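Structure first, commentary second.
The values are calculated or read from the model by the stated rules, or taken from the named source; none is laboratory data. Only a predicted model underlies this, so the values are computations on that prediction, with no experimental measurement involved. Please note: Cβ atoms are built from the backbone with ideal geometry, for glycine as well, and neighbour counts cover all protein chains shown. With ligands, DNA and RNA removed, areas are computed over all heavy atoms of the protein, side chains included. Shrake-Rupley method; radii C 1.70, N 1.55, O 1.52, S 1.80 Å.
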Amino acid sequence: MISVTQLFRHPLKSHGREELGEVFLTAGQPVPWDRVWAVAHDRSKADGAKWVACANFSIGSKAPALMAINARWDETAQILTLSHPGRPDLAFNPDRDQDIFLKWVRPLVPENRALPARILRLSGRGFTDTPYPSVSLCNMASHRTVAAKAGASLSVQRWRGNIWFDAEHPWTEFDWLGKDVAIGGAVLRVRERIVRCRATMASPKTGERDIDTLKILNTWDHQDFGVYAEVIQSGPVAINDPVEVL
């Protein structure tokens with residue numbers, strides 16, 4: 001039986017991940033508090049009024065040091081805490097405390113890249129990596145296959161996935177396109193494969209590029225890892241919950 005092994009959310013897009021024990025998925029929505037905020041750079045025209053593509057934001061493919069950020073969101077206190085091996089911990093409210101965040105994150109962005117300028121919030125659907133509110137599903141068997149070819153122990157955090165599961169075979173998730181998948185009490189419809197970028201080349205521990213994940217993926221004649229899905233039936237999802245293709 002395929003089952004859930006890990007759950008993650010990323011409150012501030014490309015700026016840290018938070019591991020969870022359970023979530024409640026709502027139809028037509030991403031994982032709660034996933035990518036609610038994003039950091040627009042100084043060349044972006046995004047204003048937070050609508051969804052826009054990743055090119056408008058500070059992201060790990062352009063600033064690999066961002067990949068070493070961990071996050072913790074306190075919904076009650078409305079405080080996001082970020083940690084990084086090269087920076088002191090920062091606790092702040094993303095809607096009110098932008099200046100202290102921008103000062104904190106600036107050393108993590110290369111001088112030759114567009115610089116972080118402002119935090120934007122997109123309530124309801126968030127700044128997911130797709131034009132529709134998506135949840136990313138990742139297969140541990142696929143991850144182990146990539147790690148074996150890399151000849152290294154790789155963290156699953158490189159892939160910034162939401163729901164991790166352990167299937168018997170690698171890439172089996174690609175066969176789910178267009179199908180509905182029951183995960184715990186929720187049902188998701190798998191929409192597309194996830195084409196990966198240079199962000200996955202950076203270590204989540206150090207923020208330095210150390211493994212050419214894209215070259216490894218291309219040995220299978222694709223640059224894909226995981227799939228995007230859309231929640232079509234609300235319900236709870238927790239570690240060890242079954243994953244079943246309907």
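Annotations
- Only one of Asp210, Asp241, Asp221 that is on the phi > 0 side of the Ramachandran plot and among the charged types (D, E, K, R): Asp221
- When segment 216-234 is limited to residues that are in contact with a helix residue (DSSP H, G or I) (Cβ under 6 Å, 6 or more places away or on another chain) and open to solvent by 10 Å² or more (accessible area, probe 1.4 Å), the one that is nearest to Asp34 (Cα to Cα) turns out to be Gln223.
- Search result, residues across segment 125-159 that are in contact with a Gly (Cβ under 8 Å, 6 or more places away or on another chain) and within 20 Å of Glu208 (Cβ to Cβ): Trp159
- Scanning segment 199-226 for residues that are among the hydrophobic types (A, V, I, L, M, F, W, C) and free of Cβ contacts under 8 Å to residues at least 40 places away in the same chain gives a single hit, Leu214.
- Output for segment 133-156, where each listed residue is open to solvent by 50 Å² or more (accessible area, probe 1.4 Å) and either touching a Leu at 6+ places or on another chain (Cβ under 9 Å) or not hydrophobic (A, V, I, L, M, F, W, C) (or both): Arg144, Lys149, Gly151, Ser153
- Of residues in segment 36-48 being in a loop (DSSP other than H, G, I, E, B) and in contact with a Leu (Cβ under 8 Å, 6 or more places away or on another chain), the one farthest from Arg9 (Cα to Cα): Asp42
- The selection criterion, being open to solvent by less than 20 Å² (accessible area, probe 1.4 Å), in contact with a strand residue (DSSP E or B) (Cβ under 7 Å, 6 or more places away or on another chain) and without any contact (Cβ under 8 Å) to a residue 60 or more places away in the chain, holds for Arg196.
- Test set (1) within 17 Å of Phe57 (Cα to Cα); (2) touching a strand residue (DSSP E or B) at 6+ places or on another chain (Cβ under 8 Å); (3) surrounded by 12 or more Cβ atoms within 10 Å (Cβ to Cβ) - Arg125 fails condition number: (2)
- Test: residue in segment 56-70 that is in a loop (DSSP other than H, G, I, E, B), over 16 Å from Trp159 (Cβ atoms) and either open to solvent by 60 Å² or more (accessible area, probe 1.4 Å) or free of Cβ contacts under 8 Å to residues at least 24 places away in the same chain (or both): yes
- The single condition among (1) outside any loop (DSSP other than H, G, I, E, B); (2) open to solvent by 60 Å² or more (accessible area, probe 1.4 Å) that Val23 does not satisfy is (2).
- Residue in segment 89-115 that is nearest to Lys62 (Cα to Cα), counting only those that are open to solvent by 60 Å² or more (accessible area, probe 1.4 Å) and touching a residue at least 12 places away in the same chain (Cβ under 8 Å): Arg113
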